[in-house]
Amino acid sequence: MALVRILVDGYSLLHHWEDLAPGKARHSAAAREELIRELTLYQDAVGTPITVVFDGNRPMGGGKPEKSTRDVEILYSKAGQTADQLIERAAHRLSSYGEVLVVTEDHAERDTATSVGAMTSNCENFIRAINQAHNELRGRIAGRNLQERNRFKRGRG
């Protein structure tokens, strides 16, 4: 089965990605925006849709609200629910369509996700995968640019 969606516990990933948004508070709009930017770049590289879930209602003030797309969906839990609950529910519902990857540092959450048929990753491994995908994409782009430069040079001669 193909990977149909990646479900990310937003604040869990933010707290474990120390190099992301240096000097910014982990719950700040700037840190969330930087995380969403990185996840969007990763989605562009791998092609798998991503849902990032943050605990708590969308914070008021402090920048423009993040916009969900079909490829990168941004959710906030409502009063009385947690990001973990939303992720568990989504993992269960999506598992009949293919493999789902849940990214969190919470061991209990990973156990629950596994019990409903999802694959799991801790934050460190997922960050490593993001960095590797970015490096591979940069390499493919550099190779393509080199091909185009060589093609252009041959065409001028």
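Bear in mind that the values in this text are calculations on the coordinates, not laboratory data. On a predicted model such as this, the values are computed, not experimentally measured, just so you know. Cβ: placed from backbone, ideal geometry, glycine included. Neighbour counts: every protein chain shown.
Assorted remarks:
- Test for GLU105: is it closer than 17 Å to GLN43 by Cβ, of a type outside the set (Lys, Arg) and part of a loop (DSSP other than H, G, I, E, B): no
- Restricting SER96, SER68 to residues that are without any contact (Cβ under 8 Å) to a residue 24 or more places away in the chain, among the hydroxyl-bearing types (Ser, Thr, Tyr), surrounded by 13 or more Cβ atoms within 10 Å (Cβ to Cβ) and in a loop (DSSP other than H, G, I, E, B) narrows the list to SER68.
Matching residues to (1) in contact (Cβ under 8 Å) with a residue 12 or more places away in the chain; (2) charged (D, E, K, R); (3) surrounded by fewer than 16 Cβ atoms within 10 Å (Cβ to Cβ); (4) not in a helix (DSSP H, G or I):
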site: LYS78; (1), (2), (3), (4): yes, yes, yes, yes
site: GLN81; (1), (2), (3), (4): no, no, yes, yes
site: ASP84; (1), (2), (3), (4): yes, yes, no, no
site: THR120; (1), (2), (3), (4): yes, no, no, yes
site: ILE127; (1), (2), (3), (4): yes, no, no, no
site: ASN131; (1), (2), (3), (4): no, no, yes, no
site: GLY139; (1), (2), (3), (4): no, no, yes, no
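Results for (1) among the hydrophobic types (A, V, I, L, M, F, W, C); (2) under 12 Å from the mean Cα position of the chain (by Cα), shown as yes or no for each residue.
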{"residue": "SER12", "(1), (2)": "no, yes"}
{"residue": "GLU18", "(1), (2)": "no, no"}
{"residue": "ALA21", "(1), (2)": "yes, no"}
{"residue": "ALA25", "(1), (2)": "yes, no"}
{"residue": "ARG32", "(1), (2)": "no, yes"}
{"residue": "LEU39", "(1), (2)": "yes, yes"}
{"residue": "ASP44", "(1), (2)": "no, yes"}
{"residue": "THR48", "(1), (2)": "no, yes"}
{"residue": "ASP55", "(1), (2)": "no, no"}
